Amino acid sequence: KKKKKGKDEL
Amino acid sequence: MNIFRLCGDMSHLAAIIILLLKMWKTRSVAGISGKSQILFATVFTARYLDLFTSFISIYNTCMKVFFIGTVYFTIYLIYMKFKATYDSNHDSFRVEFLIVPVGGLAFLVNHEFAPLEIIWTFSIYLESVAILPQLFMISKTGEAETITSHYLFALGSYRALYLCNWIYRYYAEGFFDLIAVVAGVVQTILYCDFFYLYITKVMKGKKISLPA
């Protein structure tokens, strides 16, 4: 389960 | 967005505001490591390169601008405005011993061998050790001002809350980023002995004084 979205965290 | 990440970002925001208040009110940067602030500025600059290219939300953009703006303002206060109160003798951590290995690791261990991804990975790894010069400085001076302890507690809590955010996102969204999680665990572990001192001393109104 790799990261799905782009970088949405700070 | 979830409550853990929101609390984490608020804790991070609080830490930065506490630090600025300490400097502005006391007009002194005594006990603050300029090197850690330079590392944080590097972390934010490397991580938020996409500030103008990818729009996530108003909140995301505002926080990124605030973090970048305040960290450079902090560096200005330390090395220019309140330079006379900067304790460079005790701020002697060799940051090159952090930047070089972290830079190399970012090249070797990342999600994708692409410039922006490697720079992002570098910022994640660097953030996990960026507080070391500050903790090292406190161990050398043997004590920390109470307001500085509050700053460190808020700063340490922010990434601990992010760990909760990643647990939540794993079960709620199937989101998982091993690099961010491992670096976040390392970062939080580095604060553990400080958390212990903070909870056993500062919460009881005492001052933190390490056996020098």
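Condition first: assigned to a helix (DSSP H, G or I), among the aromatic types (Phe, Trp, Tyr) and within 14 Å of another protein chain (Cβ to nearest Cβ). Now tell me which residues in segment B:162-208 satisfy that.
Answer for segment B:162-208, where residues must be assigned to a helix (DSSP H, G or I), among the aromatic types (Phe, Trp, Tyr) and within 14 Å of another protein chain (Cβ to nearest Cβ): B:Tyr162, B:Trp166, B:Tyr168, B:Tyr170, B:Tyr171.
Check off (1) among the aliphatic types (A, V, I, L, M); (2) away from every other protein chain (no Cβ under 14 Å); (3) crowded, with 18+ Cβ neighbours inside 10 Å; (4) out of contact with any Pro (no Cβ under 9 Å at 6 or more places or on another chain) for B:Leu39 and give me the number that stays unchecked.
With respect to (1) among the aliphatic types (A, V, I, L, M); (2) away from every other protein chain (no Cβ under 14 Å); (3) crowded, with 18+ Cβ neighbours inside 10 Å; (4) out of contact with any Pro (no Cβ under 9 Å at 6 or more places or on another chain), B:Leu39 is out only on (4).
If a residue has to be part of a loop (DSSP other than H, G, I, E, B), surrounded by fewer than 15 Cβ atoms within 10 Å (Cβ to Cβ) and within 10 Å of chain A (Cβ to nearest Cβ) to count, how many in segment B:48-65 make the cut?
Total satisfying the criteria: 2.
Can you spot a residue in segment B:78-99 that is modelled with pLDDT of 95 or more, within 13 Å of another protein chain (Cβ to nearest Cβ) and either in a helix (DSSP H, G or I) or on the phi < 0 side of the Ramachandran plot (or both)?
Here is the first cut: in segment B:78-99, the residues modelled with pLDDT of 95 or more are B:78-99.
Right, trim to within 13 Å of another protein chain (Cβ to nearest Cβ) and you get none.
No: zero hits.
Taking the residues in segment B:4-36 that are touching a Ser or Thr at 6+ places or on another chain (Cβ under 6 Å) and not in a helix (DSSP H, G or I) as candidates, determine which candidate is surrounded by the fewest Cβ atoms within 10 Å (Cβ to Cβ).
Step by step, filter segment B:4-36, then rank; the result is B:Ala30.
The values are calculated or read from the model by the stated rules, or taken from the named source; none is laboratory data. Everything quoted here is computed from the prediction, not taken from an experiment. Heads up, the Cβs are rebuilt from the backbone with ideal geometry, glycines too, and the neighbour counts pull from every protein chain shown.
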